[in-house]
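The values are calculated or read from the model by the stated rules, or taken from the named source; none is laboratory data. Just so it is clear, the model here is predicted, and its values are computed rather than measured. Don't worry about glycine lacking a Cβ; one is built from the backbone with ideal geometry, like all the others, and counts go over all protein chains shown.
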Amino acid sequence: MEFYTCFDRKRPVRLDDATRAFAWESLHGKYGQEAVRNGAIAMDGEEGFAALPPLAQYDLCIRRIAERAPLRLVPGEHICGAATLGAAMTHHVPATLGGEPVFYSVSHVTLGFDHVLTLGMDGIAQEVRSCLNNPDFTPEQRALDESLLSAIESMRIWHGRYLEAIGETQPEMRARLKRVPFAPAQDFRQALQSLWFTFAFVRLCGNWPGIGRIDQMLGKYLEADLKRGAITLEEAREWLAHFFIKGCEWIEKDTPVGSGDAQHYQNLVLAGVDEEGKEVANEVTYLILDVVEELGISDFPITVRVNPRTPERLLTRVAQVMRHGGGVLAVYNEDLILDSLAQHGYPLKEARRFANDGCWEVQIPGRTNFIYLPLDALRALLIDTLHLDGEPAHFDSMAQLYAAYDAAMRRVVEDACDRTLRDRLDGDGNFRKKQPCSVVSLLEEGCAQRGRSYHEGGPIYTVVSPHIGGAPDVGNSLYAIDRLVFQEKRVGFDELMRVLQRNWEGAEALRQYALNRITYYGNDCDEADAYTVRVLNDFAGMTKKYDGGPIRFPTGVSTFGRQIEWAPFRAATPSGRRKGDVLSGNASPTPGTDAQGATAVIRSFCKADLKRQVTGAALDVKLHLSAVRGEEGVAALIALIRGFVALGGYFMQLDVMDAEALRAAQRDPETYKTLSVRVSGWNARFVTLDKQWQDMVIARTAQEI
């Protein structure tokens, strides 16, 4: 029973055999397969259901899920609760009418689980009831808060069923569950049970929430227990391992291939400062790193908040875990993000709370409704500016060309923002009614107080973030035109446009020159990087006109793998790529163009003013296995992370992988069931990616440090 590693040493063994066996069967799909068989709760027998208003329908669906969902108690598990309905894995509330889901569910959100630990669900219910006394509330606002209370009562029913199922067979587990999550947690084991049970109920109802700053939430409980001798570090590690193992409950034995099986957005954030500016990293931080190092569980993608004061001990453990591959750990540049949030109007104490939305986009957990708008900048250049799908445009200078591209991209951004405003707000600037989502609204501060749901302006912040994709390809294309047409005069502008329309047919010599003789973004060449830097910096100012409204429109940089779906709608690029080629992901160099190592890639990335990309700018760095061997490899990884922070990076996904192992997994997927890779904001087992996605991962340049 060995958990896959690409490193030349086996993963360490610290956990007991029973825990490792539990992890093995979970990672190989035992419980996910059970969930698939369970499906959803049918509402067809509910008299008058179809005639009910949507909020009443939702409340009844949640009640029936709580009453009827199969329970799961695994012998030997330390914490209980399970999201056992497979329809929840399809991004729906797992309740159907006529065989079809009644409601979509919510993702890209990190909920206020910390309030459950400190207040308990009964304390949260008391807060909701106090809001019902607001004399200014309309009947609709009261109905929303009543729905929040209904969600709590449904959770109480599900909780009671587990208490009954446990009976007297596990008295310690039953004693903990009798208290949490309805009362505040008193010790580490209760806190972990409370966090998991609440998270599991939210997932049971179809939602895919991130968890956020787990070490900050749990650290104080473990510290107190260690001081009074109530638990040992070894015991705490076993308990945290069970939390991670239970998070694998949606892995299927035979997952349909596509964009991967581990993107249910249950991300974690470790370390960094708290609201008072004190370092959060504690024993929970290090125990979690122990667990993922040993088991290779990637279903909770982890981002570590790093700053110049981050302890060397923490960076060493991060580097040691990274060497095993799988992309389980990524890093945030904490100080830059805090400055970015402050410049965007967040108070410093609020900014220090930041986590992510379930992928890596920054938000304030438990207080934010978040969506992002993916925008293809390369299409804006090739189609909207150069008109390669029809009569090509002509430009006499790079200044003219860039001005036209900038105007086209602004139209793309403004159209997307305006559509969002029309969708979310009515003519009076009020939020429109949306599908109910009370289970999520319950754990978002502001919803009960305002009597508005998560989708309807309830949370403290409503954030819609336009994200630019393909920026490196735009920069490379502009630079290639500049070099080929205006600097070196190898081809006329109009002739180059005709060549691109022919997909480079009949111009192979010129294409090879563009591909191989021009240095592009990602090699720390100021001239080559300049256009990409300009594209990113100019994009950051394109939403300024929307400042001050009820919805925030900060920008970010990502593709989340959409470079695959965008490829057919682009055209051949001036940098030598043909139509249909899968190009750059996030803010990373176009595959095959980065030849000067990981440090050069980071330097190119950090030339942009990334502080202006408020919700995030992602850089993917794939490291060759040879770069991380031995103590020198650990030191090199630490130096790479520290350099990323010092140079002004935002978010970096580091993955160590051997391309030959990936190709072997393509040929023999059964042998590589637990091989995980970082895709584009999430982790996935490589064998659950279809070949196009697998080839995209393999095509990333493996860097030396």
> Looking at segment 440-480, which of its residues are surrounded by fewer than 24 Cβ atoms within 10 Å (Cβ to Cβ) and over 30 Å from residue 105 (Cβ atoms)?
Replying inline: 478, 480
>> Here's a check for you: in segment 21-35, which residue that is surrounded by fewer than 18 Cβ atoms within 10 Å (Cβ to Cβ) and in contact (Cβ under 8 Å) with a residue 24 or more places away in the chain is farthest from residue 293 (Cα to Cα)?
In response: 34
>> Pairs needed: first member in segment 225-250, surrounded by 21 or more Cβ atoms within 10 Å (Cβ to Cβ); second member anywhere, among the basic types (Lys, Arg); C-beta distance under 6 Å; at least 6 residues apart or different chains.
In response: none
> Can you name the residue in segment 579-634 that is modelled with pLDDT of 90 or more and of a type in the set (Ser, Thr, Tyr) and, of all such residues, is farthest from residue 657 (Cα to Cα)?
Replying inline: 615
>> One residue is enough: does segment 153-176 have a residue meeting the conditions within 17 Å of residue 442 (Cβ to Cβ), surrounded by fewer than 22 Cβ atoms within 10 Å (Cβ to Cβ) and among the aliphatic types (A, V, I, L, M)?
In response: yes
> In segment 447-472, what residues are closer than 27 Å to residue 612 by Cβ and in a loop (DSSP other than H, G, I, E, B)?
Replying inline: 457, 459, 460, 470
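Return yes when residue 381 is more than 14 Å from the chain's Cα centre (by Cα), over 30 Å from residue 632 (Cα atoms) and free of Cβ contacts under 8 Å to residues at least 60 places away in the same chain and no when it is not. Please lay out each step first, then the result.
Values: more than 14 Å from the chain's Cα centre (by Cα): yes; over 30 Å from residue 632 (Cα atoms): yes; free of Cβ contacts under 8 Å to residues at least 60 places away in the same chain: no.
In short, no.
In segment 626-645, which residue that is in a helix (DSSP H, G or I), more than 25 Å from residue 309 (Cβ to Cβ) and of a type outside the set (S, T, N, Q) is farthest from the chain's Cα centre (by Cα)? First the steps, then the outcome.
We begin by selecting, within segment 626-645, every residue in a helix (DSSP H, G or I); these are 626-628, 630-645.
Subsequent filtering for residues that are more than 25 Å from residue 309 (Cβ to Cβ) retains 626-627, 630.
Add one more test, that the residue is of a type outside the set (S, T, N, Q), and what stays is 627, 630.
On the way: 627: 27, 630: 31 Å.
Of everything passing the filter in segment 626-645, 630 is farthest from the chain's Cα centre (by Cα).
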>> Restricting to segment 1-20, and then to whatever is under 22 Å from residue 252 (Cβ atoms) and hydrophobic (A, V, I, L, M, F, W, C), can you tell me which residue is surrounded by the most Cβ atoms within 10 Å (Cβ to Cβ)?
In response: 3
>> Conditions first: (1) without any contact (Cβ under 8 Å) to a residue 60 or more places away in the chain; (2) assigned to a helix (DSSP H, G or I). Residue 150 passes all but one, so which condition is the exception?
In response: (1)
>> Can you find a residue that is under 12 Å from residue 323 (Cα atoms), among the charged types (D, E, K, R) and assigned to a loop (DSSP other than H, G, I, E, B) anywhere in segment 614-625?
In response: no
>> Need the failing condition index for residue 383 against (1) surrounded by fewer than 16 Cβ atoms within 10 Å (Cβ to Cβ); (2) more than 25 Å from residue 273 (Cβ to Cβ), just the number.
In response: (1)
>> Considering only residues that are surrounded by fewer than 20 Cβ atoms within 10 Å (Cβ to Cβ) and touching a helix residue (DSSP H, G or I) at 6+ places or on another chain (Cβ under 7 Å), which ones fall in segment 519-536?
In response: 519, 523
> How many residues, within segment 593-609, are assigned to a helix (DSSP H, G or I), more than 23 Å from the chain's Cα centre (by Cα) and under 9 Å from residue 647 (Cβ atoms)?
Replying inline: 1
>> Please verify whether residue 81 is surrounded by fewer than 22 Cβ atoms within 10 Å (Cβ to Cβ) and assigned to a loop (DSSP other than H, G, I, E, B), treating the condition exactly as stated.
In response: no
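For the subset of segment 532-560 comprising residues that are hydrophobic (A, V, I, L, M, F, W, C) and in a loop (DSSP other than H, G, I, E, B), which member is farthest from residue 482 (Cα to Cα)? Reasoning before the result, please.
Quick first cut of segment 532-560, residues hydrophobic (A, V, I, L, M, F, W, C) only: 533, 535-536, 539-540, 542, 551, 553, 557, 560.
Still in the list and also in a loop (DSSP other than H, G, I, E, B): 542, 551, 553, 560.
Details: 542: 24, 551: 39, 553: 33, 560: 29 Å.
The selected residue is 551.
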